[in-house]
Every structure is written in C-alpha cells, then in structure tokens.
Amino acid sequence: MTNLPAPTVIGAPECIWPAEANLGEGTLWSQREQALYWIDILTPRLFWFRPADGARRTWRFDEEITAISERANAPGLILTLRRGFALFDTTLPGDDARPRYLHQPELERANNRFNDGKCDSRGRFWGGSMDFDCKAPTGALYRYDADGRCTRHDDGFEVTNGPTWSSDGRTMYFNNTAINKLYAYDFDMEAGRVSNRREWHRFPKPDGLPDGMTTDAAGRLWICHWDGACVTCHDPVSAAELARIPLSASNVTDCAFGGADLQTLYITTARNSRTEEQLQSEPLAGGLFAVRIGSPGVPAALFAG
C-alpha cells in the first residue's frame with residue numbers, strides 16, 4: 001500500500017467557458033501551443049482555449065468527436081470519431097479543416113460509438129468504444145499504432161472511460177462507467193499489452209459513476225464523477241480518497257492538468273441527461289472549469305504518427 005500525501009487544492013473551481021456543452025469531454029493540454037483542447041461529443045464540436053490571452057476557437061463536426069491526442073511529427077490531432085480513429089489538421093483554414101478516417105475497427109457493431117481515449121508514453125493511442133444506449137456490453141478497448149495497426153485488447157464494456165497510467169507505467173486504469181467499475185490492468189509498456197484485469201475501485205452510491213481521469217506527477221489519480229458533482233483524487237494502489245473538488249454541475253466528465261506550470265486542473269462537464277428543471281439549478285452545466293492545484297500534472301503523451 002502506498003502512502004501518498006494529499007494534494008493541495010487552491011480555491012474553488014471557476015467556470016472559464018460556459019459553453020453549454022451537451023457532453024463535454026476530451027481535455028487535452030497542448031504544451032507546444034500552451035492551450036487547452038476539449039470537445040462536446042454529442043453536439044460535435046472541438047474547442048481551443050489559450051489562457052494567456054483568453055483566445056478561443058471552435059470547430060464543428062458532422063459526427064461525434066470523442067477523444068483527442070496531439071501528433072508528435074505533424075501538426076494537428078489524432079482523434080476518435082463515431083466509428084474509429086482519424087486525423088485532423090487544426091492548422092488548416094475554415095472548411096479545409098476536416099477529419100480523415102484512418103481505421104474503423106467495428107463496423108459490425110452498428111449501435112456502438114467510440115468514447116474516451118489517450119496515448120501511452122510510447123505514442124500509441126488507446127481508445128474505447130461503447131453502446132450508444134449505455135446498456136449492452138458491446139464496447140471494447142483498442143490500441144492504434146502509428147504504423148496503422150489496430151488491436152482489440154479487451155471486450156464486453158457498456159461505457160468505456162479512461163485510460164490513465166500509473167507513474168511507473170506498469171498499471172493502466174480503465175473504467176466501465178455504466179456498472180460503476182474502475183479496473184486496473186498490468187501494463188507491458190514495451191509490448192503495448194494489458195493483462196490481469198481486476199476491479200480496483202467502486203464509488204459509493206451517492207458519489208455517482210466513474211468517468212474520465214488523469215494522473216499527476218506524484219502518481220495520484222484524479223477521477224471525474226458522472227452524476228456525482230465532483231472530482232476526487234485517489235491513491236494509485238489503495239484507491240483511498242485523498243482530496244475532493246465539488247463542482248456546480250452534476251455530470252463531471254473529464255479532467256487534465258495544464259497551464260505553464262501544469263498546476264491548473266481543467267475539468268469538463270455535461271448537460272446531457274439533466275432535466276430542464278435540473279438545469280435551472282445548474283446554469284453552468286456543460287461549462288469548462290479550472291482550479292489551481294499545489295502540485296503539477298504531467299505533459300500529455302503525443303501520438304507517434
């Protein structure tokens with residue numbers, strides 16, 4: 001059992017972009033642009049925000065955009081759309097900026113779409129699929145490599161979220177949100193393989209369901225709570241809760257460290273599944289929030305392609 005110290009949370013989260021996202025997700029801090037990318041999956045939009053001067057940009061998509069990572073050797077992003085992996089060049093103007101599919105691994109699963117994902121430290125993109133209705137266990141975990149290979153590594157999920165990794169890279173964490181299970185796998189970084197899936201944690205009933213997550217430089221996990229109105233910080237071994245950040249939106253979806261010192265936690269939220277009456281009491285639902293943390297995160301891994 002590890003004994004990591006609790007982090008310091010400085011102040012309360014502030015809504016810095018009240019975008020009214022239907023399903024905000026996909027937080028990604030760009031080191032080279034010193035800007036944050038994030039997305040609205042169901043009203044398909046990609047957002048860009050530069051905190052130094054408040055600059056913003058929005059791209060609209062023709063289908064769900066669900067997860068993003070920066071490319072190491074070219075401008076723009078690798079991302080997952082409804083059916084699989086694609087490239088998107090953010091430097092192109094206007095209508096020229098359109099995603100280009102690379103691979104669609106599960107066309108036979110007509111009621112599925114992709115959801116969360118990110119790159120490991122070797123530049124391989126890990127993405128999960130899910131049932132559109134969040135009920136059938138038809139979702140899977142994939143690895144997409146820079147040479148175009150796509151491998152299915154696990155199967156049988158209702159709603160996939162994550163992944164994130166331990167600080168030593170030997171454990172990968174991955175969520176099945178619909179059934180409130182946070183899994184840990186043994187992770188072989190050299191081979192890019194997972195094994196020994198086990199249940200690592202479950203949220204108590206009042207705390208909602210596990211959604212997106214990230215790891216900080218100390219190795220602590222920060223996990224968003226769908227229908228739980230908070231982000232919690234956890235020990236990577238014992239899963240003990242070390243800190244809690246309440247938010248003024250019930251559906252908290254994803255988070256990432258950013259800012260010049262990587263000590264700002266950016267948090268996305270969603271309006272999806274809230275009634276009109278509930279939204280009246282949560283006017284900032286669907287907004288992008290930021291809160292200062294007294295210790296840093298780690299830079300997002302880049303896609304090797």
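Nothing in this text is a laboratory measurement; each read-out follows from the coordinates by a stated rule. Note that the coordinates shown come from a computational prediction; the quantities given were computed from them, not determined experimentally. Every residue, glycine as well, gets a Cβ built from its backbone with ideal geometry; the counts of neighbours run over all protein chains shown.
Once you have the alpha carbon radius of gyration of the range 114-180, what is it after dividing by 2.2 N^0.38 Å, with N set to its residue count?
Working: Rg = 11.9 Å, N = 67, 2.2 N^0.38 = 10.9 Å.
Ratio of Rg to 2.2 N^0.38 Å for the range 114-180: 1.10.
Applying a 10 Å radius around every beta-carbon, put 252-265, 30-43 in order of their mean neighbour count, most first.
Values: 252-265: 22.2, 30-43: 19.7.
By packing density, highest mean first, the sequence is 252-265, 30-43.
Taking every pair of alpha-carbon atoms in the range 9-293, give the share separated by more than 28 Å as a whole percent. Please report the intermediate quantities before stating the final value.
Details: 11818 of 40470 pairs.
It works out to 29 percent of all Cα pairs.
Note the full-extension length gain between D53 and F132 as 0.36 nm times their separation in residues minus their Cα-Cα distance, in nm to one decimal. Each step should come with its number before you reach the end.
Working: separation 79, 0.36 × 79 = 28.44 nm, distance 3.77 nm.
The span from D53 to F132 would gain 24.7 nm if fully extended.
Once both labels are modelled 7 Å past Cα along the beta-carbon direction, what's the R202-S295 spacing in nm?
Spacing of the two 7 Å Cα→Cβ label points: 2.9 nm.
What is the projected area of the convex hull of the Cα atoms of the range 221-305, averaged over all directions, in nm²? Let's see the in-between values first.
Values: hull surface 28.5 nm².
Its Cα hull, projected and averaged over all orientations, spans 7.1 nm².
Where does the chain land at 222 nm, in deg cm²/dmol rounded to the nearest 500, when only DSSP H runs of n ≥ 4 count, each adding -39500 (n - 2.57), divided by all residues? Can you show the working numbers first?
Details: 1 runs with 6 residues, N = 305.
So the helix-based figure for the chain works out to -500 deg cm²/dmol.
Evaluate 2.2 N^0.38 Å with N set to the residue count of the range 40-108, then give the Cα radius of gyration divided by it. All intermediate terms of the calculation are to be shown ahead of the outcome.
Working: Rg = 12.6 Å, N = 69, 2.2 N^0.38 = 11.0 Å.
The range 40-108 yields a ratio of 1.14.
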